[in-house]
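Trainee: To start, I am sharing the structure in question, which I have written as structure tokens.
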Amino acid sequence: MCELHNGNAQVRVFNFNELHPATRRLLFARALRSVGQGTLVVDFALYLNALHWSGVAIGLVLSASGLFGAALSLLIGVGSDSIRRKPFLLVYESIAAIGSIIAFLTAQPVLLSVVAILGAFGRGANGAAGPFSPAEQAWLAEQVAADRRGVVYSLNSALGFFGMTLGALLAALPAVWQSALPGAAGFRPLFLIVTLSSVANLWLLARTQEDHQPVDRSRKHQRTLSGSRTRRDENSALLKLVLVNAFNGAAVGLTGPLIAYWFARKFGIGPSSLGPVFAVTFLVTGFASLLTGSLSQKMGIVRSVVAGRLIGLVLLVLLPLIPAYWLAALVYLLRSALNRGTAGARQALAIGLVTDERRGLASSLNTVSMQLPQSIGPSVAGALLDAGYLALPFYAAALLQGAYLLFYQRVFRRYETEAKR
């Protein structure tokens, strides 16, 4: 990082090479992990549909995955503060590798459901480590200065989207080998992409330095007593984060996990058409994430988040009204870029609400408060889509998104300076 002076203005220029080696490795692991996720966010629901699963059944698996992830995320976040962060990520990569091999070898419904729930297949986590992401987010903050978290976490999110871009392009492969592997069989080799990225990350993360030291319980108790006001402030901020995030999670659950299924139902298209659209969407979203990170340095995290998502809210209302596939795909692309491009900045805000010893907890609450309401959405949306209500999930999501933006701005403006400590 360097500084440029222009009159009285001072501009801080981000330099990737100046990041700590551990930070760079975590960013690279995110990019690798996202390739497989990008493939499955396009094709997993289509694969289950090719196996003749109903929309309700697909939604139930995705909902169960969200509920499981939410419950485990809280335990991982607290555990990573009390122990270390690195072992949890190694466990996650092992689970993803084993689960993807099983999914490649068999389409047996029970086994496929179990590995999908454990591995969060098809949920499109943008390269995050599933329910183990609180450990990842806390570890990433270890070597990043507080005033640079908006930029670094946005870069982390952007790399995830760029990896998902490649994954979404690979999602078109079933059409390439359709003659040799017709129908549902053509989707199964895609799980090996997850296997390869997970094995590569096991090697990469095993060689990555972690400096976090668990806090001594007696010393932590003394600090809590002497700094009880600060701890109460942190707890109040985390409670508000949970309540506000619930609106966003419920909205995302109604539209996100089944968006490929919605396109297939409304326009009658398959992976060969959806893959390139999702690829371009993730690519543009990656650049939007970088832009949000830059804006967060100039106008603050809260204002940069709200500005982008307000436009995304309008596009969400318009999307189900559009009759032409190419125009609907364009609106989805823009809406996703503006909406999901703020993920890194929002994570940086959540991490900044607490001190280092509670970052795993803050990250887990940020994740859980999204995932619990989000996990309900696919079941509801699947039933509505099967019943022919193709627009209703979007309108319900728009109401929830509007409430989220209103509360997010009002609640977290006053925490802006705390997030930059």
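Trainee: If each residue of separation counts as 0.36 nm, what is the full-extension length gain between Gln108 and Tyr395 once their alpha-carbon separation is subtracted?
Mentor: 99.8 nm
Trainee: What nm distance separates the two modelled labels at Leu67 and Glu18, each placed 7 Å from Cα along Cα→Cβ?
Mentor: 4.9 nm
Trainee: Okay, moving on. Just to check I understand the Karplus step: with θ = phi - 60° and J = 6.51 cos²θ - 1.76 cosθ + 1.60, what whole-Hz values come out for region 170-185, glycine and proline as x?
Mentor: Coupling constants for region 170-185: 5, 5, 7, 4, x, 6, 6, 9, 4, 5, 7, 10, x, x, 5, 4 Hz.
Trainee: What full-extension length gain, to one decimal in nm, is calculated for Leu75 and Val314 as 0.36 nm per residue of separation minus the Cα-Cα distance?
Mentor: Stretched fully, the Leu75-Val314 segment lengthens by 82.4 nm.
Trainee: Let me ask something else about it. How large is ³J(HN,Hα), in whole Hz, for each residue of region 67-73 in order, when computed from phi with the Karplus curve 6.51 cos²θ - 1.76 cosθ + 1.60 and θ = phi - 60°, using x for Gly and Pro?
Mentor: Taking θ as phi minus 60°, the curve returns 5, 4, x, 5, 5, 6, 4 Hz for region 67-73.
Trainee: Moving on. Taking the Cα-to-Cβ direction at Trp177 and at Ala307 and moving 7 Å from each Cα, how far apart do the two end points lie in nm?
Mentor: 4.6 nm
Trainee: Using the Karplus equation 6.51 cos²θ - 1.76 cosθ + 1.60 (θ = phi - 60°), what ³J(HN,Hα) coupling, rounded to whole Hz, does each residue of region 344-356 give in order, writing x for Gly and Pro?
Mentor: Computed from phi, the couplings for region 344-356 are x, 5, 5, 5, 4, 4, 4, 4, x, 6, 9, 7, 4 Hz.
Trainee: In debye, nearest 20, what is the charge dipole magnitude of the chain about its Cα centre with +1 on Lys and Arg Cβ and -1 on Asp and Glu Cβ, if you could check?
Mentor: Its charge dipole is roughly 860 debye.
Trainee: If you project the alpha carbons of region 222-381 onto their three principal axes, what span does each projection cover, largest first, in Å?
Mentor: 63, 37, 24
Trainee: Output the Cα-based Rg and Dmax of region 230-313 in Å, rounding Rg to one decimal and Dmax to a whole number.
Mentor: Looking at region 230-313, its Cα Rg and Dmax stand at 17.3, 55 Å.
Trainee: Could you work out the relative contact order of region 299-421? I mean the mean sequence separation of Cα pairs under 8 Å and 6+ apart, divided by the number of residues, in percent.
Mentor: 41 percent
Trainee: For the chain, what does the relative contact order come out to in percent, with C-alpha contacts under 8 Å and a separation of six or more?
Mentor: 29 percent
Trainee: Take every Cα pair under 8 Å in region 81-159 that's 6+ residues apart, average their separations, divide by the length, and report that relative contact order as a whole percent.
Mentor: 34 percent
Trainee: Which residue fluctuates the most in the chain, going by a Gaussian network model with Cα springs under 10 Å, if the choices are Ala200, Ala250, Ala387?
Mentor: Ala387
Trainee: How much accessible area per residue does the chain have, counting only protein heavy atoms and a probe of 1.4 Å, in square angstrom?
Mentor: With the other protein chains kept in place, the chain gives 40 Å² per residue.
Trainee: Okay, next question. Return the whole-Å distance between the Cα centroid of region 158-201 and the Cα centroid of region 65-79.
Mentor: Cα centroid of region 158-201 versus Cα centroid of region 65-79: 27 Å apart.
Trainee: Among Phe287, Gly256, Tyr404, whose Cα sits farthest toward the positive end of the charge dipole of the chain (+1 at Cβ of Lys/Arg, -1 at Cβ of Asp/Glu, about the Cα centre)?
Mentor: Tyr404
Trainee: Right, here's the next one. Which value in deg cm²/dmol, rounded to the nearest 500, describes the helix-derived mean residue ellipticity at 222 nm for the chain, given -39,500 (n - 2.57) per DSSP H run of n ≥ 4 and division by the residue count?
Mentor: Calculated from helices alone, the mean residue ellipticity at 222 nm is -25000 deg cm²/dmol.
Trainee: Along the charge dipole of the chain, which of Val305, Leu327, Thr230 sits closest to the positive end, that is, farthest toward it, with unit charges on the beta carbon of Lys, Arg, Asp and Glu (+1, +1, -1, -1)?
Mentor: Ranked along the dipole, the leading option is Thr230.
Trainee: Let me ask something additional. What does the extension gain come out to for Ile83 and Ile101, with contour length at 0.36 nm per residue minus their alpha carbon separation?
Mentor: Length difference between fully extended and current span is 3.5 nm.
Trainee: Separate question: Mind putting together the pair-distance distribution for the chain? All Cα pairs, 10 Å bins, whole percent per bin, short to long.
Mentor: Result, from short to long distances: 5, 23, 34, 25, 10, 2, 0, 0 percent.
Trainee: Further, regarding this structure: Over the chain, with every protein chain in place, what whole percent of the accessible area is carbon and sulfur at 1.4 Å, could you tell me?
Mentor: 67 percent
Trainee: Okay, moving on. Sort 288-295, 113-120 by packing, meaning the average of other beta carbons within 10 Å per residue, with the highest value first.
Mentor: By packing density, highest mean first, the sequence is 288-295, 113-120.
The values are calculated or read from the model by the stated rules, or taken from the named source; none is laboratory data. Please read these numbers as outputs of a predicted model, since none were measured by experiment. So basically every Cβ, Gly included, is an ideal-geometry build from the backbone, and we count neighbours across all protein chains shown. For accessibility, only protein heavy atoms count, side chains too; no ligands or nucleic acids. Shrake-Rupley method; radii C 1.70, N 1.55, O 1.52, S 1.80 Å.
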